[in-house]
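Reviewing the structure listed below.
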């Protein structure tokens, strides 16, 4: 999505440790008109997939998931980060490793909001090594629902998570894929 | 908002400790079409207020804030819960007491996203004792921005936080105000 690449070049900041700051429009301040444009593009990409539910993860995934859901007229379910790994039988749960924080955390989704009749589209703001996305894919599998595909606003292609999912046959639609970045330049993959 | 009262009666569950569970549409699963209707009502209420920015708090406030912002075509800024009270000078910060968890937490907003030229509408999903809202009001004051008012989906009127704000002259628009609730019935205030 050309407009997203231009927005990243204009407003993004690359920090040490492969961090891309896009707090001005995606994960602290939300440029809602722009998020709606991104959501419209995701809705277009999955228009024929008969998606019944969007699954995302708190916090930063909620806005972009909403942006797509408004056009698709379907509910969003967001996975919650759980304080402990003591979860009860009323939830699907999985453990996700965070490279950023160097820790594991448990995410949960109430069983009442996902089941085997659902066709699920997973949406998140970033796709880097794919750990969060793999956690959500695991939750979809536990529910018996069909995974239609995944979509992220920004994929850090050089971290490989997206391509690993594609090699497994999972549909991954990223609105912008960064091939390389440093404090002087950002290079996008042609998609 | 009559439709919200009906939705609460149909889908809400009252649990011990004055907890109202509305996870089916507001804070775990998001009924996006319905959230857009609530957002439209908030946009209508503040149509003449020249709001430049919506301020909310992660996580549950983001969806309803987005719902209003889509109609108002303005950005959302969400305050982030901070792991420690060691914050740097680049953020506005305040401490909020959580009755639910019995702890204090620090919330922060980057200074670059709120300033004295802004007219701010604060939105959240719930208003109970008003602690979170007071924290956001403090952040608006620190920024020098003008507080236009606050709006919440569901106010627990019997906990008094909303009326305390109204007594201070702050505009509080709640889409549904619960006067009393137990496991057999929920009574709404006429608004």
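The values are calculated or read from the model by the stated rules, or taken from the named source; none is laboratory data. Predicted model only: the values in this text are computed from it and were never measured. Because the Cβ atoms are built from the backbone with ideal geometry, glycine has one as well, and the counts that use them run over all protein chains shown.
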- Message: If I filter the stretch A:111-137 down to residues being assigned to a strand (DSSP E or B) and buried (at least 19 other Cβ atoms within 10 Å of the Cβ), which single residue comes out as farthest from the other protein chains (Cβ to nearest Cβ)?
- Response: A:127
- Message: Consider the stretch B:72-83. How many of its residues are in contact with a strand residue (DSSP E or B) (Cβ under 7 Å, 6 or more places away or on another chain) and over 17 Å from residue A:59 (Cβ atoms)?
- Response: 1
- Note on the structure: Restricting attention to the stretch A:52-71, the residues that are part of a helix (DSSP H, G or I) and either surrounded by 24 or more Cβ atoms within 10 Å (Cβ to Cβ) or without any contact (Cβ under 8 Å) to a residue 24 or more places away in the chain (or both) number exactly 9
- Do we find a residue being within 12 Å of chain A (Cβ to nearest Cβ) and in contact (Cβ under 8 Å) with a residue 24 or more places away in the chain anywhere in the stretch B:9-25? no
- Item | Of all residues in the stretch A:90-110 being farther than 15 Å from residue A:57 by Cα and touching a helix residue (DSSP H, G or I) at 6+ places or on another chain (Cβ under 8 Å), the one that is farthest from the other protein chains (Cβ to nearest Cβ) | A:99
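Keeping to the stretch A:68-86, report how many residues are under 13 Å from the mean Cα position of the chain (by Cα) and within 8 Å of chain B (Cβ to nearest Cβ).
Result for the stretch A:68-86: 3.
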- Query: Can residue B:159 be described as modelled with pLDDT of 95 or more, in contact with a strand residue (DSSP E or B) (Cβ under 9 Å, 6 or more places away or on another chain) and surrounded by fewer than 17 Cβ atoms within 10 Å (Cβ to Cβ)?
  - Reply: no
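Those residues that are facing chain B (nearest Cβ under 8 Å) and either in a helix (DSSP H, G or I) or surrounded by fewer than 17 Cβ atoms within 10 Å (Cβ to Cβ) (or both), I need them from the stretch A:29-51; list them, please.
A:32, A:33, A:35, A:36
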